[in-house]
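We did not get these values from a lab; they are worked out from the coordinates using the rules stated. Please read all numbers here as calculations on a predicted model, not as lab measurements. Cβ sites come from the backbone with ideal geometry, for glycine too, and all protein chains shown count toward neighbours.
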Amino acid sequence: MLKERSQVKSPNYTRFYEFDSSVNDICQACPANQGSDSWKALQRRVLGAAVHTNWPRSGAMKKVSKIYICESPSDKESSHGFPSVGATGRGIFERQYGDLREGWLDLLDEKIYRTNIVRCQADAGLQKRVNATLKNQRVRSAFQFCSQHLSYELDHIFRTSLDQKITSLSFVIAVGHSFPMQIRSVQKLIDEFQLRYGINAEVIIRNHPSTIHQDN
């Protein structure tokens with residue numbers, strides 16, 4: 001089996017966009033943080049356990065060019081502390097670079113910014129095929145709050161890109177067809193920021209990358 005990384009990567013570094021969900025006002029009323037609405041009866045460790053982008057916040061900021069926006073973290077992504085490291089990440093890699101190769105996650109982290117429309121694990125405690133409806137309800141209810149985080153995150157991407165004299169960005173919205181309103185909301189945010197900052201933004205809408213691999 002191919003090694004995903006050349007060496008273990010610690011999630012304990014400051015991300016390009018992150019927040020403390022225990023104190024952030026946006027999260028306080030969110031059902032994913034409070035265990036209410038469709039998120040009730042989850043284990044405490046899952047509630048409000050956000051997975052942030054893979055992109056680091058470093059002194060010499062890496063330039064962002066390709067941004068994937070997916071749905072929500074899986075079990076593996078929540079446990080690793082990174083978005084899109086399981087079936088979703090494999091699907092992204094294969095669409096961009098072809099067959100998997102040794103250390104593929106290192107290359108994916110180096111080249112592609114990844115985030116989610118919902119930061120807490122929407123399928124936590126669910127058997128996906130049996131409870132897809134409940135998972136979708138969780139995504140929709142949490143997105144009402146997480147969309148504000150996504151707005152701040154996109155604003156940060158555009159502002160940083162303007163400072164770095166980047167003239168164009170490429171966004172891939174890789175969210176399932178069960179979320180047409182959420183997809184339109186993300187498109188609208190991107191359109192608003194490209195007008196505000198004068199940076200051209202290509203937007204591609206694709207099926208969720210994990211549909212390539214159903215074993216995650």
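For the reader, a short list of remarks on this structure follows.
- Cα gyration tensor shape of the stretch 14-152, rounded if a/c is under 1.5, else prolate or oblate by comparing a/b with b/c: oblate
- Globularity index of the stretch 135-205 is 1.16 (Cα radius of gyration / 2.2 N^0.38 Å, N = number of residues).
- Rel. contact order, % - alpha carbon contacts under 8 angstrom, at least six apart, the stretch 28-91: 26 percent
- Along principal axes, Cα extents of the stretch 87-126, largest first, whole Å: 31, 19, 16
- Counting charges near Thr160 (Lys, Arg +1; Asp, Glu -1) among other residues having Cβ under 15 Å from its Cβ returns a value of +4.
- Cα gyration tensor, the stretch 103-166 - rounded (a/c under 1.5), prolate or oblate: oblate
- Beta bridges per DSSP, both residues in the chain: antiparallel share near 5 percent.
- Our coupling estimate for the stretch 197-208, obtained by passing each phi through the Karplus curve with A = 6.51, B = -1.76, C = 1.60 and θ = phi - 60°, is 9, x, 10, 5, 10, 7, 10, 10, 10, 10, 4, 4 Hz, Gly and Pro reported as x.
- Asn116 long-range amide H proximity, modeled H, under 5 Å: Cys70
- For Val203, the amide hydrogen comes within under 5 Å of the amide hydrogens of Phe171, counting only partners 5 or more places away or on other chains and with H modelled in the peptide plane.
- Helix-only arithmetic for the chain: the sum of -39500 (n - 2.57) across DSSP H runs with n ≥ 4, divided by the residue total, places the mean residue ellipticity at 222 nm at -12000 deg cm²/dmol.
- When the C-alpha to C-alpha distance is required to be over 31 Å, the pairs from Lys3/Lys40; Lys76/Lys111; Lys3/Lys165; Lys111/Lys188 that qualify are Lys3/Lys40; Lys3/Lys165.
- Residue-wise HN-Hα coupling along the stretch 100-117, computed from phi with Karplus coefficients 6.51, -1.76, 1.60 (Hz; x: Gly, Pro): 4, 9, 4, x, 4, 5, 4, 5, 4, 5, 6, 9, 10, 6, 10, 8, 10, 6
- Rel. contact order, % - alpha carbon contacts under 8 angstrom, at least six apart, the chain: 26 percent
- Amide H to amide H, with H built 1.01 Å from N, Gly81 comes under 5 Å of no residue 5 or more places away or on another chain.
- Cβ-defined net charge surrounding Tyr17, 13 Å radius [Lys, Arg +1; Asp, Glu -1]: +1
- J(HN,Hα) series, the stretch 141-158, from Karplus relation 6.51 cos²θ - 1.76 cosθ + 1.60, nearest Hz, glycine and proline x: 5, 6, 4, 4, 9, 5, 4, 5, 4, 4, 4, 5, 5, 5, 4, 5, 4, 5
- Cα gyration tensor category, rounded, prolate or oblate, for the stretch 64-215 with a/c compared to 1.5: oblate
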